[in-house]
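Colleague: If you scroll down you'll find the structure; I have some questions about it.
The values are calculated or read from the model by the stated rules, or taken from the named source; none is laboratory data. No experiment lies behind these values; they were computed from the predicted model shown. Because the Cβ atoms are built from the backbone with ideal geometry, glycine has one as well, and the counts that use them run over all protein chains shown.
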């Protein structure tokens with residue numbers, strides 16, 4: 001991804017960024033839009049993202065500008081790769097660290113072989129129920145809006161595909177797993193399902209997206225580097 005003083009963001013660019021933890025996907029889009037506006041005299045620039053990431057997740061996000069925003073739907077169809085860390089033996093209502101621990105379970109029976117058996121079980125297609133703490137649209141409202149009000153709603157299952165599930169590290173009570181999956185897969189829901197299969201509980205303790213299709217995290221920019229680069233072009237042209 002080569003950015004120089006002649007880069008035309010209106011004509012269209014596909015930019016790769018490493019989203020920091022605690023930022024929303026909208027935060028990143030807004031920041032990139034403002035950087036371009038402030039340094040490239042492009043007030044009406046279109047900017048959008050090709051696949052959201054939860055605030056507690058980090059890693060690769062694809063940002064499209066100008067005419068390249070027409071590619072967003074195409075890019076969203078791509079498979080995703082993650083490095084996910086799961087804490088075994090405990091659960092939370094959101095299936096991650098957004099909410100407090102609500103239950104504790106036995107983990108003495110869980111060993112590496114059982115986890116490998118679980119990963120083999122989940123490889124391929126299965127019907128996954130999205131987390132209620134999600135941006136899923138339910139009757140015109142985000143599911144998390146109902147969850148935070150304590151309102152129960154039905155979350156309909158969706159067919160997803162786990163192409164690859166690779167155990168990278170098992171250091172009880174934590175397990176690190178590389179996941180290659182289809183569009184629309186909720187890794188937090190997989191935490192819930194994994195815990196249930198292990199006859200215990202689990203929540204997602206950290207998540208990093210490392211690839212979207214052929215786009216890799218290692219090729220992504222940091223936000224500050226992008227801003228400094230465009231600022232330097234702007235200053236040199238004054």
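Colleague: Just to check your reading of the model, which residue among 103, 118 is within 19 Å of residue 189 (Cβ to Cβ) and in contact with a helix residue (DSSP H, G or I) (Cβ under 6 Å, 6 or more places away or on another chain)?
Modeller: On the way: 103 fails: in contact with a helix residue (DSSP H, G or I) (Cβ under 6 Å, 6 or more places away or on another chain).
That would be 118, the only listed residue that is within 19 Å of residue 189 (Cβ to Cβ) and in contact with a helix residue (DSSP H, G or I) (Cβ under 6 Å, 6 or more places away or on another chain).
Colleague: Identify the single condition in (1) assigned to a loop (DSSP other than H, G, I, E, B); (2) out of contact with any strand residue (DSSP E or B) (no Cβ under 6 Å at 6 or more places or on another chain); (3) surrounded by fewer than 18 Cβ atoms within 10 Å (Cβ to Cβ); (4) outside the structural domain of residue 21 (by TED's automatic domain parsing) that residue 42 does not satisfy, given that it satisfies every other one.
Modeller: With respect to (1) assigned to a loop (DSSP other than H, G, I, E, B); (2) out of contact with any strand residue (DSSP E or B) (no Cβ under 6 Å at 6 or more places or on another chain); (3) surrounded by fewer than 18 Cβ atoms within 10 Å (Cβ to Cβ); (4) outside the structural domain of residue 21 (by TED's automatic domain parsing), residue 42 is out only on (4).
Let's see how each residue does on (1) in the same structural domain as residue 89 (by TED's automatic domain parsing); (2) within 22 Å of the chain's Cα centre (by Cα); (3) loosely packed, with under 15 Cβ neighbours inside 10 Å; (4) modelled with pLDDT of 95 or more:
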{"residue": "160", "(1), (2), (3), (4)": "yes, yes, no, yes"}
{"residue": "164", "(1), (2), (3), (4)": "yes, yes, yes, yes"}
{"residue": "196", "(1), (2), (3), (4)": "yes, no, yes, yes"}
{"residue": "205", "(1), (2), (3), (4)": "yes, yes, no, yes"}
{"residue": "230", "(1), (2), (3), (4)": "no, no, no, no"}
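Colleague: Something else now. Mind checking which residues of segment 112-124 are exposed (fewer than 12 other Cβ atoms within 10 Å of the Cβ) and not in a helix (DSSP H, G or I)?
Modeller: If the condition is that a residue be exposed (fewer than 12 other Cβ atoms within 10 Å of the Cβ) and not in a helix (DSSP H, G or I), then 124 is the only one that fits.
Colleague: Determine, yes or no, whether residue 143 is at pLDDT below 95 and closer than 30 Å to residue 12 by Cβ.
Modeller: no
Colleague: So, in segment 49-107, exactly how many residues are crowded, with 21+ Cβ neighbours inside 10 Å and assigned to a helix (DSSP H, G or I)?
Modeller: 1
Colleague: Here's a follow-up. With respect to residue 187, is the statement that it is at pLDDT below 95 and crowded, with 17+ Cβ neighbours inside 10 Å true? Don't jump to the end; show me each part of the working.
Modeller: Values: at pLDDT below 95: no; crowded, with 17+ Cβ neighbours inside 10 Å: yes.
When the stated conditions are applied, residue 187 does not pass them.
Colleague: Keeping to segment 216-228, report how many residues are exposed (fewer than 13 other Cβ atoms within 10 Å of the Cβ) and either touching a strand residue (DSSP E or B) at 6+ places or on another chain (Cβ under 9 Å) or under 15 Å from residue 14 (Cα atoms) (or both).
Modeller: Residues that pass the stated criteria total 3.
Colleague: Return the pairs, sorted by first residue and then second, in which the second residue is loosely packed, with under 13 Cβ neighbours inside 10 Å, the first residue lies in segment 157-179 and is assigned to a loop (DSSP other than H, G, I, E, B), the beta carbons are less than 8 Å apart, and the residues are 6+ apart or on different chains.
Modeller: Listed pairs, sorted by first residue: 157/127.
Colleague: Considering only segment 14-39, how many residues are closer than 18 Å to residue 220 by Cα and in a helix (DSSP H, G or I)?
Modeller: Qualifying residue count, segment 14-39: 11.
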